[in-house]
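See structure below.
None of the figures in this text is laboratory data; all of them are computed from the coordinates on show. Bear in mind that the values here come from a model prediction, so they are computed numbers and not experimental data. Here the Cβ positions follow ideal geometry from the backbone for every residue, glycine too, while neighbour counts run over all protein chains shown.
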Amino acid sequence: MQQNFVSDLLKRPAWMLFLISWLFYLIGLILFSQFVWDANTYMADFKGTDFETSLSNWRRMDMLLYVISPVWVIGISAIVWIVIKLGLAITQVEFNTSLLFKIIFLGSIIIFLPNWVKSVGLILFKSGYTPDDVTHFFPGSIVPFIETSNMSEVKMKALATINIYHLAFIFFTSWQIAANSKITFIKSLLIVICTYGLGLVLLQYIKLLFLE
């Protein structure tokens, strides 16, 4: 049943799946920036003299993020497409270019889940949270299970990328590549891990080298 549902979605035009992915990301972003980082949250961490002006500037930055969000979604999807397509080419697996983009657009919804999870978790289940609570809340990652008291924020955020969302994206993408080609799921999984997975790890390592 799940495969039939996903197969029906993959028959849609690529622009439609991009629209679904982008709207999901945008709504999650608005939910997080407007309802989690509300005026009270900003006020709790404010150390300046003109709060209203600062809040107005922050909201303008939020608007800028909303405006460039489609470019962000396309850019991220394009990079993921390139690395996975390269892995498929190296292993001599033929795969439809447009179909791979559609799979990535659908899978990116999983990657964009954290803003939704953080927002719902904080708004509904944690009253009186502080900016520090928001900054260090990494649902679905390994961070809550390790000692972070002496860890820098950069390292903490890098470790937070090891989470169920990226793992779920890897499994979803591998599943759909295998379902729409002649290769096995295991081979597909290895390709995605060695391309997207390895690329994600290297990106976090580079961040640690230059930002730590």
Per GNM of the chain with C-alpha springs under 10 angstrom, the most fluctuating residue out of MET63, MET151, MET16 is MET151
Base-10 log of normalised Debye intensity for the stretch 1-100 (one unit scatterer per alpha-carbon) at q = 0.10, 0.18, 0.21, 0.24 Å⁻¹: -0.47, -0.94, -1.11, -1.25
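What FRET efficiency would be calculated for the residue pair ILE186, PHE46, taking the C-beta separation as r and a Förster radius of 45 Å, to the nearest 0.05?
Working: r = 52 Å, r/R0 = 1.16.
The computed FRET efficiency comes out at 0.30.
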Could you give me the ³J(HN,Hα) list for the stretch 102-117, computed from phi with Karplus coefficients 6.51, -1.76, 1.60 and θ = phi - 60°, whole Hz, x at Gly and Pro? 4, 4, 5, 4, 5, x, 5, 4, 5, 5, 7, 5, x, 4, 5, 5
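D for the chain, whole µm²/s, Stokes-Einstein with Kirkwood Rh over alpha-carbon pairs at 20 °C and 1.002 mPa s: what number?
Values: Rh = 19.0 Å.
Estimated via Stokes-Einstein, D reaches 113 µm²/s.
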Only Cα pairs within less than 10 Å get springs; with that Gaussian network setup on the chain, which residue of LYS157, LYS85, LYS47 has the largest fluctuation? LYS47
Over the stretch 58-212, how many pairs of lysines fall under 30 Å by alpha carbon, counting only those 8 or more apart in sequence or from different chains? 20
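Hey, what did the stretch 98-179 get for relative contact order, percent, Cα under 8 Å, at least 6 apart? Intermediate results must be reported in sequence, preceding the final value.
On the way: 43 pairs, mean separation 35.3, N = 82.
Relative CO of the stretch 98-179 lands at 43 percent.
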Choice from THR184, THR195, THR53 with maximal GNM fluctuation in the chain (Cα, 10 Å cutoff): THR53
Using each residue's phi in the stretch 165-181, evaluate 6.51 cos²θ - 1.76 cosθ + 1.60 at θ = phi - 60° and report the 3J(HN,Hα) Karplus result to the nearest Hz, with x for Gly and Pro. 6, 5, 5, 5, 4, 4, 5, 5, 5, 4, 4, 6, 5, 5, 5, 10, 8
